[in-house]
Amino acid sequence: MPRDLIESNSIMKRLLILLLLIGIAGCGSDAQKAQEENTPAGLFKKIYALAQEEDYEKLQECIFPHSEQDLPDMMLQGIKEQKGRGDAAYSHKALKFLIDNHLDKLKPAAGAFLESCMPDGDFGGDERIAKIAKTRPQDITMFDFEQVHILIIKLEGEHKLVFWERLPILSGEYSLDKNPQKSESGEASGRSTEQPPAEPDPAPSVKELTLREKVIGTYELELKKFGETQRYVLLDNSTVEYYLNGKKEEAEHKWSIVDKEVHIERENRAVSVFSINKDESITGIATIDEDGKRKEILKEHQYTRKKIN
């Protein structure tokens, strides 16, 4: 075989090997990138990018589809509205600040965060979350820093945002502390101390209301198909005033909190059981007869009473 042909074949083999190695390296790089994106930190970066683009359809896919639809709806609405305070509070600046400075605060869920995912917790009403909390707690991630609380869960191999609150605290867009601790340079914890012209924040010393105190108030249900308007007034003295179409019923009933539910005692010692919803409304879910036997109400017959004051 001619020498030049042998050299040509040798060069071709080297080129093929080089291309093969480049291809393998490229595949490895793509796999590593995909793995990095499918992390709690990667989820934050994805949400930030989609929020900047206002791609709310894809943003919806980043949020855990909780069985109580008002929760994912609230999270998405907070991003849309750039809501600045409280539950679902969000700003581009705050999320970018978290990504750039505080990804190290992401930790496996523990304590109150993990308990909130259990069946009796705030988010454990969704059976998928409760099951993951019991069997795969390592798939739940929390962020608990400077009064900012975030919960992320891994569902079917993908990380999803369950809940966040007070996110703009991180970027200094508002603070629960009216007198932030200043450093020698005059800055508060490295963040701007400028406050928005919003309503004043509650003083940190204000005592948090108990569940019973939160429940006290007036609830109303309008049953148009029956031409009825029902109103319950849960008073501080544990009695209930009941109004039907504006007319007060004479009989006096008692109410109490039992296992995070509202129990209203009816005639013959029977009890109506109401769940307490995140929007402060209550939903009739069961009855307890005079013998103490509980009977769940079918979903289609459960009615929600909205809190009006």
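The values are calculated or read from the model by the stated rules, or taken from the named source; none is laboratory data. Since this is a predicted model, take the numbers as computed values, not measurements. Using ideal geometry, Cβ is built from the backbone for each residue, glycine included, and neighbour counts are taken over all protein chains shown.
The table below gives the values:
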read-out	value
Selection within segment 279-302 - surrounded by fewer than 14 Cβ atoms within 10 Å (Cβ to Cβ), part of a loop (DSSP other than H, G, I, E, B) and either over 24 Å from the mean Cα position of the chain (by Cα) or of a type in the set (Lys, Arg) (or both)	Asp289, Glu290, Asp291, Gly292, Lys293, Leu298
Scan of segment 120-146 for residues that are farther than 19 Å from Ala41 by Cα, out of contact with any Gly (no Cβ under 8 Å at 6 or more places or on another chain) and surrounded by fewer than 19 Cβ atoms within 10 Å (Cβ to Cβ), ordered by number	Asp120, Gly121, Asp122, Gly125, Glu127, Arg128, Lys131, Lys134, Thr135, Arg136
Any hit, segment 192-199, residues being closer than 20 Å to Glu280 by Cβ, at pLDDT 90 or above and not hydroxyl-bearing (Ser, Thr, Tyr)	no
Long-range neighbours under 7 Å by Cβ, at least six apart or interchain, first residue surrounded by 14 or more Cβ atoms within 10 Å (Cβ to Cβ) within segment 53-79, second hydroxyl-bearing (Ser, Thr, Tyr) and in a helix (DSSP H, G or I)	Leu76/Tyr56
Pick from segment 135-164, criterion modelled with pLDDT of 90 or more and charged (D, E, K, R), ranking: farthest from Glu68 (Cα to Cα)	Asp144
Wholly within segment 35-92, helices (runs of 4 or more DSSP H) carrying at least 2 residues that are in contact with a Cys (Cβ under 7 Å, 6 or more places away or on another chain) and not hydroxyl-bearing (Ser, Thr, Tyr)	40-53
Residue within segment 62-73 that is within 24 Å of Thr135 (Cβ to Cβ), in contact with a helix residue (DSSP H, G or I) (Cβ under 9 Å, 6 or more places away or on another chain) and of a type in the set (Ser, Thr, Tyr) present	yes
Some residue of segment 61-76 being more than 27 Å from Thr283 (Cβ to Cβ) and at pLDDT 90 or above	yes
Qualifying positions in segment 93-120 - without any contact (Cβ under 8 Å) to a residue 12 or more places away in the chain and not in a helix (DSSP H, G or I)	Pro119
Identity of the residue in segment 210-251, aromatic (Phe, Trp, Tyr) and over 32 Å from the mean Cα position of the chain (by Cα), that ends up surrounded by the fewest Cβ atoms within 10 Å (Cβ to Cβ)	Phe226
Residues satisfying the stated conditions in segment 215-233, i.e. touching a Ser or Thr at 6+ places or on another chain (Cβ under 8 Å) and within 19 Å of Glu280 (Cβ to Cβ)	Tyr219, Glu220, Leu221, Glu222, Arg231, Tyr232, Val233
